[in-house]
Amino acid sequence: EWTMAEFRAAKIAEIREQVGTGRVICGLSGGVDSAVAAVLIHEAIGEQLTCVFVDHGLMRAGEADQVVSLFRGHYNIPLVHVNAETLFLSGLAGVTDPEAKRKFIGKTFIDVFEDEARKIGGAEFLAQGTLYPDVIESVSFTGGPSVTIKSHHNVGGLPERMNMKLVEPLRELFKDEVRALGRELGLPDIFVGRHPFPGPGLAIRIPGEVTKERCDILRKADAIYLEEIRSACLYDAIWQAFAVLLPVRSVGVMGDGRTYDSVLALRAVTSTDGMTAEAFGFPGDFLPRVATRIINEVRGINRVTYDYTSKPPGTIEWE
Ligand code: XMP
């Protein structure tokens, strides 16, 4: 049985051995896996690593800033932050089909990343935060026919196209082990314990057309929901919690006026691997309090609902 300190030391030696004096590029997503991989690789090879954060503008409130300040500020790791919000939002204009959103975002993400990798130049290695479950999943995908319910995007195909070799130091680890390694490497709790977040981001939490205005409305509501979850000490008991901005308007009253605004759905699930999930049962006064805060504080929302659907038959995300 290895301790995380031993695993860390062994991996550092392995990365040095694999990379030699070569240069490595690592794409950051804002999630735990890519952050842990990057910090570990940086510890092994220092300035030979450059991180690239393609910011599609579809992150939650404050998350892009957290990535930038963690890497540049806390760790002093060279980071290229590409603000591609306009590119992503203009390409999403008029797109309402969930899979079309994923395809566009996945493709654009790779295009932007590839451009940046070219600009950096001379890197022969691409680092990825691939985990053991990802390894098994991709094997079973090629093993037989499978029905794609939702296509998850990653940078598949890019290493071959750019003729790069992969550095995947987390390939033997499960999620909880990556978290332990992250703690060992000194990553802040807010990063290490973070709920999973889908690659296409808020785009698949805004059924219908994604606009800057709707992203901003959703970000505000989602931030209030998560703030209340954290202050009630429920964050770690939940697998994922998020808000979904519905393409439905409802009538309400506020003061002496009639309102006609968007409906928001709140979702929170428990799960061990994301394959099955149950709606989280909040204590009695929690949801009414969150609903009141959101309706009072976020312009554009006048009704809040809670989603009780299990997976299956539902999925965790709405799209
Ligand atoms: P579903 O909605 O299929 O989600 O029950 C299962 C888990 O996968 C995440 N998810 C995604 N992650 N790209 C991702 O990187 C995607 O397109 C995507 N769709 C869903 C979801 O947040 C949950 O953790």
Subject >> Search result, residues across the range 34-56 that are in contact (Cβ under 8 Å) with a residue 40 or more places away in the chain and either within 22 Å of ARG118 (Cβ to Cβ) or among the aromatic types (Phe, Trp, Tyr) (or both) >> reply: SER34, ALA37, ALA38, ILE41, LEU49, THR50, VAL52, VAL54, HIS56
Original post:
On the given criteria, is GLY31 in the same structural domain as GLU168 (by TED's automatic domain parsing), touching a residue at least 40 places away in the same chain (Cβ under 8 Å) and within 28 Å of THR211 (Cα to Cα)?
Top reply: yes
Original post:
strands (runs of 3 or more DSSP E) wholly in the range 226-319 with at least 2 residues that are closer than 26 Å to LYS175 by Cα - which ones?
Top reply: 240-254, 257-270
**OP:** Could you please let me know if ALA265 is within 16 Å of the ligand (Cβ to nearest atom), outside the structural domain of ARG179 (by TED's automatic domain parsing) and surrounded by fewer than 17 Cβ atoms within 10 Å (Cβ to Cβ)?
**Re:** no
Original post:
Of all residues in the range 71-104 being aromatic (Phe, Trp, Tyr) and touching a Leu at 6+ places or on another chain (Cβ under 8 Å), which is farthest from PHE53 (Cα to Cα)?
Top reply: PHE104
Original post:
Which residues, counting only those in the range 302-319, are near the ligand (Cβ under 9 Å from one of its atoms) and of a type in the set (Gly, Ala, Ser)?
Top reply: GLY314
**OP:** For the range 1-80, please list each of the helices (runs of 4 or more DSSP H) lying entirely inside it that holds at least 2 residues being over 29 Å from ALA243 (Cα atoms).
**Re:** 4-19, 32-45
**OP:** Sort through THR292, THR259 and tell me the only one that's among the β-branched types (Val, Ile, Thr), more than 23 Å from THR315 (Cα to Cα), more than 25 Å from the chain's Cα centre (by Cα) and exposed (fewer than 14 other Cβ atoms within 10 Å of the Cβ).
**Re:** THR292
**OP:** Residues being among the aromatic types (Phe, Trp, Tyr) and surrounded by fewer than 20 Cβ atoms within 10 Å (Cβ to Cβ): count how many of those fall in the range 28-83.
**Re:** 1
**OP:** Of the numbered conditions (1) in contact (Cβ under 8 Å) with a residue 60 or more places away in the chain; (2) β-branched (Val, Ile, Thr); (3) away from the ligand (no atom under 14 Å from the Cβ); (4) part of a helix (DSSP H, G or I), THR96 fails exactly one; give the number of that condition.
**Re:** (4)
**OP:** Determine whether the range 173-191 contains at least one residue that is of a type in the set (A, V, I, L, M), buried (at least 16 other Cβ atoms within 10 Å of the Cβ), within 16 Å of the ligand (Cβ to nearest atom) and within 19 Å of the chain's Cα centre (by Cα).
**Re:** yes
**OP:** Take the range 99-121 and flag every residue that is within 16 Å of the ligand (Cβ to nearest atom) and within 18 Å of the chain's Cα centre (by Cα).
**Re:** GLU99, LYS101, ARG102, LYS103, PHE104, ILE105, GLY106, LYS107, THR108, PHE109, ILE110, PHE113
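Yes or no, residue by residue, for (1) in contact with a Leu (Cβ under 9 Å, 6 or more places away or on another chain); (2) outside the structural domain of LYS101 (by TED's automatic domain parsing); (3) more than 15 Å from the ligand (Cβ to nearest atom):
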residue: ASP216; (1), (2), (3): no, yes, yes
residue: ALA232; (1), (2), (3): no, yes, yes
residue: ALA237; (1), (2), (3): no, yes, yes
residue: VAL251; (1), (2), (3): no, yes, yes
residue: ALA279; (1), (2), (3): no, yes, no
residue: PRO283; (1), (2), (3): yes, yes, yes
residue: VAL290; (1), (2), (3): yes, yes, yes
residue: ASN296; (1), (2), (3): no, yes, yes
Original post:
Out of the range 205-214, which residues are touching a strand residue (DSSP E or B) at 6+ places or on another chain (Cβ under 9 Å) and either farther than 23 Å from ASP97 by Cα or within 16 Å of the ligand (Cβ to nearest atom) (or both)?
Top reply: ARG205, ILE206, PRO207
Original post:
So ARG299 fits all but one of (1) touching a residue at least 40 places away in the same chain (Cβ under 8 Å); (2) on the phi > 0 side of the Ramachandran plot; (3) not hydrophobic (A, V, I, L, M, F, W, C); what number is the exception?
Top reply: (2)
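The values are calculated or read from the model by the stated rules, or taken from the named source; none is laboratory data. The structure presented is a predicted model; accordingly, all values stated were derived computationally and were not measured. Methodologically, a virtual Cβ is constructed for each residue, glycine included, from the backbone with ideal geometry; neighbour enumeration extends over all protein chains shown.
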